[in-house]
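Asks: Encoded as structure tokens, here's the structure I'll be asking about.
The values are calculated or read from the model by the stated rules, or taken from the named source; none is laboratory data. Everything numeric in this text was worked out from a predicted model, so none of it was measured. Using ideal geometry, Cβ is built from the backbone for each residue, glycine included, and neighbour counts are taken over all protein chains shown.
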Number of protein chains: 2
Amino acid sequence: MSEVNVYRDLGRSFSEWFDYVLEVSEVYDYGRYPAKGMGVWLPYGFKIRENALSILRGLLNSTGHEEILLPLLIPENIIKKESEHIRGFEDQVYWVTHGGLEPLDIKLALRPTSETSLTYLESFWIKSYKQLPKKYYQVVSIFRYETKATRAMIRVREVSTFKEAHTVHEDFNDCERQVLEAIDVYSKFFNSLGIPYIISKRPEWDKFAGAIYTIAFDTLLPDGRALQIGTVHNLGQNFTKVFEVRIQKRDGSIDYAWQTSYGISERVLASMFAVHGDRRGLVLPFHIAPIQIVIIPLITAETYDDVLKYSSKVREVLISKGYRVYEDLRDELRPGEKFYYWEFRGVPLRVEVGMKEVEGNYVTVFRRDTLERIKVELKELLNKVEEIGLDYNNTLSSRAWQVFKSKTMRFTDISKAKEFLNNSKGIVELPWCGKHECGLKLLEVLECDALGTPLDSEAKGLSCAVCGANANTFMRLTRKY
Amino acid sequence: MSEVNVYRDLGRSFSEWFDYVLEVSEVYDYGRYPAKGMGVWLPYGFKIRENALSILRGLLNSTGHEEILLPLLIPENIIKKESEHIRGFEDQVYWVTHGGLEPLDIKLALRPTSETSLTYLESFWIKSYKQLPKKYYQVVSIFRYETKATRAMIRVREVSTFKEAHTVHEDFNDCERQVLEAIDVYSKFFNSLGIPYIISKRPEWDKFAGAIYTIAFDTLLPDGRALQIGTVHNLGQNFTKVFEVRIQKRDGSIDYAWQTSYGISERVLASMFAVHGDRRGLVLPFHIAPIQIVIIPLITAETYDDVLKYSSKVREVLISKGYRVYEDLRDELRPGEKFYYWEFRGVPLRVEVGMKEVEGNYVTVFRRDTLERIKVELKELLNKVEEIGLDYNNTLSSRAWQVFKSKTMRFTDISKAKEFLNNSKGIVELPWCGKHECGLKLLEVLECDALGTPLDSEAKGLSCAVCGANANTFMRLTRKY
């Protein structure tokens with residue numbers, strides 16, 4: 001556990017660390033934009049975002065999802081058609097009311113999500129079971145007028161990286177299959193970034209407006225608070241009935257189509273920064289880092305030519321295998337400043353090259369994850385980098401899971417659960433009979449939020465922590481963002 | 001010329017053709033979205049868009065441009081600061097006035113372009129000549145409240161594919177260098193898509209509000225009307241003075257920074273569809289097509305096994321070289337219907353495989369560009385496809401340029417120029433003294449718009465077509481979209 005604590009040490013409170021690191025590493029400029037809740041993806045951050053998105057796109061494309069691009073603006077009459085849906089966002093929609101100096105005939109909403117406009121279009125596009133299942137997705141900005149305190153990437157008014165998927169099916173069973181596929185895709189995506197998570201079925205009172213049920217992924221940030229990082233909704237026929245998406249079924253009958261939708265935002269990137277980072281700054285997964293290896297020549301006036309020649313040779317060797325390499329030749333910084341600079345930006349490997357290395361025909365490799373320095377023969381460099389590359393993400397992932405598991409506990413006793421939440425934050429599970437009033441009682445007593453229930457519950461033989469009746473599941477509780 | 005006319009034959013008016021082809025080929029759904037001037041990029045169109053964008057990104061990245069992502073919403077006080085600038089868009093900005101049910105304290109504009117918000121940020125980011133030149137770009141939606149008749153991709157209210165680049169420099173000379181670099185990047189991009197263009201310096205009265213001058217690229221659509229497909233602006237210090245972007249210069253002095261900006265939209269894609277398409281539908285450049293080669297097995301009950309086995313082998317051969325291949329095994333369509341289907345979608349090559357091909361160990365290759373059918377030995381297939389692939393884009397490009405040149409004419413006499421414009425539409429050039437009133441007179445007499453002047457004029461010895469004084473340049477005139 002001590003090792004875990006060392007690596008989780010951010011040197012300051014998480015929220016201070018987060019804002020400071022994003023800004024100084026030039027990932028995301030949040031504080032300077034002159035409208036609240038909106039940030040700028042800077043060049044370095046944009047590349048990180050693209051690398052992560054390309055993994056997500058790969059997972060979606062290989063499971064038959066097709067990327068599209070819908071308009072941003074949704075006319076009021078369309079978004080209001082699903083009254084249950086709009087009620088969910090009523091206080092949170094931005095409205096465009098004027099074009100130029102004139103008021104518009106119909107107000108236009110900035111999309112909070114696209115179920116309404118896409119389902120409207122599907123009423124034209126989809127006519128027969130032969131076209132199904134149909135799986136669309138898009139990566140766009142969505143807008144929510146957050147009135148709570150905003151926070152970079154985590155609670156913003158413009159979510160500038162929102163992947164929303166929308167699928168259409170012949171029947172309820174195929175929706176169920178699709179929900180599992182979505183869970184699988186998201187699990188693989190989070191796994192690839194080394195982000196630990198717990199999957200819960202949200203309680204009725206916290207599901208997506210318009211869904212039959214909502215499955216959610218939550219992770220824990222270093223301050224022990226839970227963050228929702230993905231949701232999957234079985235929408236049933238709720239939207240297709242409103243927008244009259246009728247299909248011919250296999251047996252010739254006509255019925256409304258069935259749908260699911262699922263979304264992921266830049267909160268995933270926020271989590272990746274948060275769970276792997278340390279007091280030296282960012283720690284990026286090896287395949288996500290815009291620069292995977294930085295070469296720092298250690299030069300004196302006498303060794304200038306020899307070291308640079310060797311350094312350039314090292315660079316060629318690494319580039320030949322397609323690694324993203326940067327040789328830092330800046331005059332104005334001393335080596336120690338360069339070390340600090342690139343450690344802060346989360347570059348996985350640093351290769352130091354000085355006169356000793358030239359003479360010994362080796363390099364000194366520094367791992368950002370374990371902070372180890374390793375001597376590597378030049379002829380072994382490519383093998384060693386490949387080996388470290390594979391190990392690197394495992395290290396990040398297993399360390400993050402270790403922290404996560406230490407903060408996720410099952411209890412039978414309410415007061416012990418409360419003590420844990422007060423001390424460690426994190427997530428607690430308590431046996432629950434499933435009755436609404438017992439659920440609300442738990443929230444009240446523990447002064448917390450409900451994440452929901454496990455997908456497969458194993459509470460046999462246990463009693464509800466509130467009423468003592470047979471428990472048929474667990475309730476997961478936390479203090480959320 | 002007859003050949004040109006055959007290929008330019010769209011079988012109906014250009015505007016009917018354009019709307020019909022985009023919809024039926026499932027590239028872009030324009031008519032169904034319930035808000036005017038906004039369209040949907042469908043899966044097939046989205047892939048075309050991505051392939052084109054990846055060429056553009058490659059050109060920008062390799063010249064030191066860095067991709068970023070700025071917020072969509074610009075507060076009124078920021079966008080109004082550049083009063084000259086906002087005057088240019090005053091009637092065209094969409095305004096967000098409400099968040100939820102409450103009016104906002106400050107109205108927010110949907111970006112019409114991002115000079116104002118980015119320059120505001122640059123006042124924090126850029127302090128010294130050492131950071132320059134700085135070249136940013138982003139690919140985003142921009143919004144203009146068009147009150148004229150809208151048209152898919154060409155005149156829309158949400159431009160859903162806008163690449164805007166913004167650069168910062170130490171002095172005017174470096175801006176001039178950057179303008180040339182931008183012209184070079186755009187020329188290469190249009191060349192890669194086989195889109196012909198003419199480069200003009202826009203007249204004073206038609207430059208971008210806030211620019212010292214504007215260089216524009218125009219092409220001609222099949223109806224002979226000119227379409228602006230790219231602009232490059234030398235902004236001087238107009239924006240940096242307003243937003244106080246001060247830098248330390250090489251000599252230690254402090255001055256306002258210098259800027260350029262340049263933009264390209266989905267009009268480029270509209271032009272690509274328009275200039276290469278024919279009455280059979282789309283014709284896509286070989287490297288842009290989402291499916292480069294479609295294989296159509298010609299099957300009877302008796303030949304089923306043999307043909308499919310051979311067809312599958314042909315597919316393996318083509319895939320081994322990385323071509324994007326689709327083997328059309330749909331039962332419900334006859335071969336002729338499949339031919340029509342894929343020709344309409346602009347797939348460059350069709351490989352037909354029937355019993356004759358099986359027995360002769362060859363395939364029949366159909367070229368969408370020239371409509372030729374070619375017999376190719378199976379062992380020669382990869383060589384032949386590579387050869388055709390190289391030739392294909394040249395064919396498209398040279399054909400499009402031939403049409404373009406036939407519709408771009410230089411005259412000395414106004415009445416002949418007018419006759420040409422009336423008959424062929426296109427673009428005419430007339431010698432011009434450079435005086436404002438002579439320019440306006442030309443527009444009035446010819447009932448047309450001005451594209452501007454060539455970058456290097458060669459009007460020596462000629463007289464202004466209006467006043468007869470020495471001409472120092474040519475004025476280019478057209479009837480614009």
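Asks: Which helices (runs of 4 or more DSSP H) sit wholly inside the range B:36-90 and have at least 2 residues that are over 19 Å from B:Val156 (Cβ atoms) and among the small types (Gly, Ala, Ser)? Even if it seems obvious, please write down each step before you answer.
Replies: Working: elements: B:43-61, B:76-79, B:83-89.
In the range B:36-90, B:43-61 are the helices (runs of 4 or more DSSP H) which contain 2 or more residues that are over 19 Å from B:Val156 (Cβ atoms) and among the small types (Gly, Ala, Ser).
Asks: Counting only residues that are under 18 Å from B:Glu164 (Cα atoms), surrounded by 23 or more Cβ atoms within 10 Å (Cβ to Cβ) and of a type outside the set (Val, Ile, Thr), how many does the range B:239-264 have?
Replies: Going through the range B:239-264 one residue at a time, the tally reaches 5.
Asks: Specify the residue that is farthest from the chain's Cα centre (by Cα); the eligible residues are those in the range B:295-350 that are over 27 Å from B:Glu26 (Cβ atoms) and polar (S, T, N, Q).
Replies: Within the range B:295-350, the match that is farthest from the chain's Cα centre (by Cα) is B:Thr303.
Asks: Looking only at the range A:77-95, decide whether some residue is surrounded by 17 or more Cβ atoms within 10 Å (Cβ to Cβ), more than 8 Å from every other protein chain (Cβ to nearest Cβ), in contact with a strand residue (DSSP E or B) (Cβ under 7 Å, 6 or more places away or on another chain) and in contact (Cβ under 8 Å) with a residue 12 or more places away in the chain.
Replies: Yes.
Asks: Report whether or not B:Leu442 is in a strand (DSSP E or B) and surrounded by 15 or more Cβ atoms within 10 Å (Cβ to Cβ). I'd like the intermediate steps shown before the answer.
Replies: Numbers: in a strand (DSSP E or B): no; surrounded by 15 or more Cβ atoms within 10 Å (Cβ to Cβ): yes.
Answer is no for this residue.
Asks: Restricting to the range A:445-481, give me the number of residues that are of a type in the set (Gly, Ala, Ser), surrounded by fewer than 22 Cβ atoms within 10 Å (Cβ to Cβ) and on the phi > 0 side of the Ramachandran plot.
Replies: Initial filter on the range A:445-481 (of a type in the set (Gly, Ala, Ser)): A:450, A:452, A:457, A:459, A:461, A:463, A:465, A:468-469, A:471.
This time we only want the ones that are surrounded by fewer than 22 Cβ atoms within 10 Å (Cβ to Cβ), so: A:450, A:457, A:461, A:463, A:468-469.
Filter once more, so that each one left must be on the phi > 0 side of the Ramachandran plot: A:461, A:468.
Residues meeting the conditions: 2.
Asks: From the list B:Val268, B:Val283, which residue is of a type in the set (A, V, I, L, M) and touching a helix residue (DSSP H, G or I) at 6+ places or on another chain (Cβ under 6 Å)? First the steps, then the outcome.
Replies: On the way: B:Val268 fails: touching a helix residue (DSSP H, G or I) at 6+ places or on another chain (Cβ under 6 Å).
One residue alone meets the criteria, B:Val283.
Asks: Here is a further query. Confirm whether B:Pro103 is surrounded by fewer than 18 Cβ atoms within 10 Å (Cβ to Cβ), outside any helix (DSSP H, G or I) and at the interface with chain A (Cβ under 10 Å from one of its Cβ atoms).
Replies: Working: surrounded by fewer than 18 Cβ atoms within 10 Å (Cβ to Cβ): yes; outside any helix (DSSP H, G or I): yes; at the interface with chain A (Cβ under 10 Å from one of its Cβ atoms): yes.
Considered against the rule, which asks whether it is surrounded by fewer than 18 Cβ atoms within 10 Å (Cβ to Cβ), outside any helix (DSSP H, G or I) and at the interface with chain A (Cβ under 10 Å from one of its Cβ atoms), B:Pro103 comes out as yes.
Asks: Separate question: Would you check which residues across the range B:358-407 are farther than 18 Å from B:Gln292 by Cα, aliphatic (A, V, I, L, M) and outside the structural domain of B:Arg345 (by TED's automatic domain parsing) and list them?
Replies: B:Ala400, B:Val403
Asks: So, one more: Could you say whether any residue in the range B:59-75 is surrounded by fewer than 19 Cβ atoms within 10 Å (Cβ to Cβ), facing chain A (nearest Cβ under 7 Å) and over 30 Å from A:Phe89 (Cα atoms)?
Replies: Quick first cut of the range B:59-75, residues surrounded by fewer than 19 Cβ atoms within 10 Å (Cβ to Cβ) only: B:59, B:61-64, B:66.
Now narrow it down to the ones that are facing chain A (nearest Cβ under 7 Å): B:66.
Now restrict to residues that are over 30 Å from A:Phe89 (Cα atoms): B:66.
Checked against the condition, which is being surrounded by fewer than 19 Cβ atoms within 10 Å (Cβ to Cβ), facing chain A (nearest Cβ under 7 Å) and over 30 Å from A:Phe89 (Cα atoms), the range B:59-75 yields at least one hit.
Asks: Identify, please: which residue in the range A:369-404 is basic (Lys, Arg) and part of a helix (DSSP H, G or I) and is, among those, nearest to A:Glu343 (Cα to Cα)? Quick ask: steps written out before the conclusion?
Replies: Looking only at the range A:369-404, we keep the residues that are basic (Lys, Arg), and these are A:373, A:375, A:379, A:384, A:399.
Of the ones still in play, those that are also part of a helix (DSSP H, G or I) are A:379, A:384, A:399.
Working: A:Lys379: 26, A:Lys384: 20, A:Arg399: 18 Å.
Among those residues, the one meeting the criterion is A:Arg399.
Asks: Any residue that is under 30 Å from B:His169 (Cα atoms), buried (at least 22 other Cβ atoms within 10 Å of the Cβ), among the hydrophobic types (A, V, I, L, M, F, W, C) and in contact (Cβ under 8 Å) with a residue 60 or more places away in the chain - is there at least one of those in the range B:266-273?
Replies: Filtering the range B:266-273 down to residues under 30 Å from B:His169 (Cα atoms) leaves B:266-268.
Next, only the ones that are buried (at least 22 other Cβ atoms within 10 Å of the Cβ) stay: B:266-268.
Checking the rest, the ones that are also among the hydrophobic types (A, V, I, L, M, F, W, C) come to B:268.
Cutting the leftovers down to in contact (Cβ under 8 Å) with a residue 60 or more places away in the chain gives us B:268.
Yes.
The rows are residues; the columns are (1) out of contact with any helix residue (DSSP H, G or I) (no Cβ under 9 Å at 6 or more places or on another chain); (2) without any contact (Cβ under 8 Å) to a residue 60 or more places away in the chain; (3) surrounded by fewer than 19 Cβ atoms within 10 Å (Cβ to Cβ).
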position: A:Leu110; (1), (2), (3): yes, yes, no
position: A:Glu115; (1), (2), (3): no, no, no
position: A:Lys130; (1), (2), (3): yes, yes, yes
position: A:Lys135; (1), (2), (3): no, no, no
position: A:Ser141; (1), (2), (3): yes, no, no
position: A:Ala149; (1), (2), (3): yes, yes, yes
position: A:Ala165; (1), (2), (3): no, no, no
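Asks: Another one. Conditions: (1) within 21 Å of B:Gln228 (Cβ to Cβ); (2) assigned to a loop (DSSP other than H, G, I, E, B). B:Leu451 meets all but one. Number of the miss?
Replies: Tallying (1) within 21 Å of B:Gln228 (Cβ to Cβ); (2) assigned to a loop (DSSP other than H, G, I, E, B), B:Leu451 fails exactly one: (2).
Asks: Identify, please: which residue in the range B:19-35 is in a loop (DSSP other than H, G, I, E, B) and crowded, with 21+ Cβ neighbours inside 10 Å and is, among those, nearest to the other protein chains (Cβ to nearest Cβ)? It would help to see each step written out before you state the result.
Replies: Taking the range B:19-35 first, the residues in a loop (DSSP other than H, G, I, E, B) are B:25-27, B:30-35.
Now drop any that are not crowded, with 21+ Cβ neighbours inside 10 Å, which leaves B:25, B:27, B:33.
Working: B:Ser25: 14, B:Val27: 11, B:Tyr33: 6 Å.
Of everything passing the filter in the range B:19-35, B:Tyr33 is nearest to the other protein chains (Cβ to nearest Cβ).
Asks: Taking B:Asp306 and the conditions (1) within 30 Å of B:Val268 (Cβ to Cβ); (2) surrounded by fewer than 17 Cβ atoms within 10 Å (Cβ to Cβ); (3) charged (D, E, K, R), which numbered condition does it fall short on, given that it satisfies the others?
Replies: The one condition B:Asp306 does not meet is (1).
Asks: Taking only the range A:454-481 into account, find how many residues are in contact with a helix residue (DSSP H, G or I) (Cβ under 9 Å, 6 or more places away or on another chain) and assigned to a strand (DSSP E or B).
Replies: Here the count works out to 3.
Asks: Name the single residue, out of those in the range B:187-205 being under 10 Å from the mean Cα position of the chain (by Cα) and part of a helix (DSSP H, G or I), that is surrounded by the most Cβ atoms within 10 Å (Cβ to Cβ).
Replies: In this case the residue turns out to be B:Leu193.
Asks: Conditions first: (1) buried (at least 18 other Cβ atoms within 10 Å of the Cβ); (2) at pLDDT 95 or above. B:Lys416 passes all but one, so which condition is the exception?
Replies: Condition (1) is where B:Lys416 drops out.
Asks: Considering (1) closer than 30 Å to A:Glu146 by Cβ; (2) surrounded by fewer than 22 Cβ atoms within 10 Å (Cβ to Cβ), say which one B:Ser160 fails and leave the rest.
Replies: Here B:Ser160 clears every test but (2).
Asks: Still on this structure, I have one more. Restricting attention to the range A:234-252, does a residue exist that is among the aromatic types (Phe, Trp, Tyr) and over 25 Å from A:Gln131 (Cβ atoms)? Walk me through it before giving the result.
Replies: Step one: filter the range A:234-252 for residues among the aromatic types (Phe, Trp, Tyr), giving A:239, A:243.
Those left that are additionally over 25 Å from A:Gln131 (Cβ atoms): none.
Looking through the range A:234-252, none of the residues is among the aromatic types (Phe, Trp, Tyr) and over 25 Å from A:Gln131 (Cβ atoms).
Asks: While we're here: Give me the residue from the range A:150-177 that is of a type in the set (A, V, I, L, M, F, W, C) and in a strand (DSSP E or B) and, out of that set, farthest from A:Ser261 (Cα to Cα). Walk me through how you get there before you give the answer.
Replies: Residues of the range A:150-177 that are of a type in the set (A, V, I, L, M, F, W, C), as a first pass: A:152-154, A:156, A:159, A:162, A:165, A:168, A:172, A:175.
Narrowing further to those that are in a strand (DSSP E or B): A:159, A:162, A:165, A:168.
Working: A:Val159: 17, A:Phe162: 13, A:Ala165: 5, A:Val168: 9 Å.
Going through the qualifying residues, I end up with A:Val159.
Asks: May I ask you to list the residues in the range A:353-373 that are surrounded by fewer than 14 Cβ atoms within 10 Å (Cβ to Cβ) and under 25 Å from A:Asp278 (Cβ atoms)?
Replies: Of everything in the range A:353-373, those that are surrounded by fewer than 14 Cβ atoms within 10 Å (Cβ to Cβ) and under 25 Å from A:Asp278 (Cβ atoms) turn out to be A:Leu371, A:Glu372, A:Arg373.
Asks: Here is a further query. Only one residue in B:Thr119, B:Thr147 is closer than 22 Å to B:Glu90 by Cα and either more than 14 Å from chain A (Cβ to nearest Cβ) or in a helix (DSSP H, G or I) (or both). Which one?
Replies: Details: B:Thr147 fails: either more than 14 Å from chain A (Cβ to nearest Cβ) or in a helix (DSSP H, G or I) (or both).
Within the list B:Thr119, B:Thr147, the selection yields B:Thr119.
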